[in-house]
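Have a look at the structure below, then the notes.
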Amino acid sequence: MPLFSVIIPLYNKEKYIQQTIESVLQQTCADFELLIVNDASTDKSVAVVSKLSDHRIRLIENPKNLGLSATRNHGISKAKGDIIALLDADDVWLPNFLKTIQNLYNTHPEASIFGTDYMEVYTSHDDLIPQKNIDAALKGTSFLIADFFEASMFQPIFCQSSLAFKKTICTETAVFNPTITFAEDIDFYVKYGSQYRVAYHYEALSKVRFEVPDQMSKTSIATKVLPNLDAYEERAKEHNSLKKYLDLYRYIFASLYTLENAIPQRNAMLKHLDYNNLTSKQRLLLKSPRFVLVLLKKLKGFLLKCNIRVTSF
């Protein structure tokens, strides 16, 4: 059996999928199977995959379009490896990504979740590595994360394309909640980050594409199903940093709802928010009228094109 099962959910990514697959096949650690789960693509994605010949590749078909979470779950259900490694169909790994995860797995047996830093790749400006709430002196090293939620308060310390986990944690059929259609990763982080230890390598070994057409993160959320953060309130009573993490995403989601003028959803999102867990800037922005947030979003986008990232952290 392979050590790794690499799972790529595929839906209409014909322009990117070949480079993504090649980044897996070029890994210095070759002990893997590659499961590409086609979620009823309507473009030439499958034709691109079919041209690539490697015995480690398995193409799996969904019976119909099921969405990202169900597609990942389908791949996990077919996986034979001890470690599940996720990679989106428009992202790529550096050649030593899997070897680094293997080292984390061997060095930190008490951990069940493994990850690395990542780089954001843009077409309109230079690539960026977001700031993390981790001591910069640790860059280039591997270690156990003392408190996953505290470490994730600025930006996520890893993304779904720089994440792996032991298959043994997949005790439920739905590792990813298939009813969630926006921010599925946040629900995964809360659910599993509060139960299992995390080992981390502080180096960007994954490249995540932004500004990709039809990207989920660019679509409206007013009609989407978001993670039910309230469902974790009981767990957060014994986990102070988890409560802060939940409130951070209540703030983020409420701000997005405000931008879309989805006021009922915004108000519902803020129902269990403890404002003491927000920064003064975040509290001010939550009280600001919508036009202020719209202007700030445009300014943030302009500055980002100048390689200047501004946040409310």
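Some notes on this structure:
- Qualifying residue in region 213-227 (condition: in a helix (DSSP H, G or I) and among the small types (Gly, Ala, Ser)): yes
- Yes/no for Ala85 being under 18 Å from Glu203 (Cα atoms) and not in a loop (DSSP other than H, G, I, E, B): yes
- Residue within region 125-132 that is outside any loop (DSSP other than H, G, I, E, B), under 15 Å from the mean Cα position of the chain (by Cα) and farther than 21 Å from Glu33 by Cβ present: no
- Considering residues of region 241-266 that are over 20 Å from Val190 (Cβ atoms) and not polar (S, T, N, Q) only, the residue surrounded by the most Cβ atoms within 10 Å (Cβ to Cβ): Arg266
- Single unsatisfied condition, Tyr275 versus (1) touching a Ser or Thr at 6+ places or on another chain (Cβ under 8 Å); (2) surrounded by fewer than 18 Cβ atoms within 10 Å (Cβ to Cβ): (1)
- If you check Tyr189, Tyr118, Tyr200 for being outside any strand (DSSP E or B) and out of contact with any Lys or Arg (no Cβ under 6 Å at 6 or more places or on another chain), only one passes: Tyr189.
- Residue in region 280-287 that is at pLDDT 90 or above, among the small types (Gly, Ala, Ser) and not assigned by TED's automatic domain parsing to the domain that holds Phe154 present: yes
- The set of residues in region 134-180 that are in a loop (DSSP other than H, G, I, E, B), surrounded by 15 or more Cβ atoms within 10 Å (Cβ to Cβ) and not hydrophobic (A, V, I, L, M, F, W, C) comprises Asp147, Ser152, Gln155, Pro156, Asn177, Pro178.
- Enumeration of residues in region 3-27 that are aliphatic (A, V, I, L, M), buried (at least 17 other Cβ atoms within 10 Å of the Cβ) and touching a Leu at 6+ places or on another chain (Cβ under 8 Å): Val6, Ile7, Ile8, Ile17, Ile21, Val24
- Of everything in region 288-313 that is charged (D, E, K, R) and more than 20 Å from Asn133 (Cα to Cα), the residue that is modelled with the lowest pLDDT is Lys305.
- Asp135 vs. criteria without any contact (Cβ under 8 Å) to a residue 40 or more places away in the chain and more than 29 Å from Ala222 (Cβ to Cβ): yes
- Filtering region 85-133 to residues that are buried (at least 19 other Cβ atoms within 10 Å of the Cβ), among the β-branched types (Val, Ile, Thr) and closer than 27 Å to Glu211 by Cα leaves Val92, Thr116.
- Criterion applied to Asn228, Asn261, Asn277, Asn267 was being at positive phi and not assigned by TED's automatic domain parsing to the domain that holds His125, and the one residue passing it is Asn261.
- Verdict on Ala30 being surrounded by fewer than 23 Cβ atoms within 10 Å (Cβ to Cβ), assigned by TED's automatic domain parsing to the domain that holds Ala183 and closer than 18 Å to Lys167 by Cα: no
- For Ser69, the test of being surrounded by fewer than 15 Cβ atoms within 10 Å (Cβ to Cβ), within 21 Å of the chain's Cα centre (by Cα) and either in a strand (DSSP E or B) or not charged (D, E, K, R) (or both) is failed.
- Any hit, region 39-56, residues being of a type in the set (S, T, N, Q), buried (at least 19 other Cβ atoms within 10 Å of the Cβ) and either touching a residue at least 24 places away in the same chain (Cβ under 8 Å) or touching a strand residue (DSSP E or B) at 6+ places or on another chain (Cβ under 6 Å) (or both): yes
- The lone criterion from (1) more than 19 Å from the chain's Cα centre (by Cα); (2) under 26 Å from Val292 (Cα atoms) left unmet by Leu248 is number (1).
- From Ser220, Ser206, residue being polar (S, T, N, Q), under 30 Å from Thr123 (Cα atoms) and modelled with pLDDT of 95 or more: Ser206
The values are calculated or read from the model by the stated rules, or taken from the named source; none is laboratory data. Worth saying up front: this structure is predicted, and the values here are computed from it rather than measured. Because the Cβ atoms are built from the backbone with ideal geometry, glycine has one as well, and the counts that use them run over all protein chains shown.
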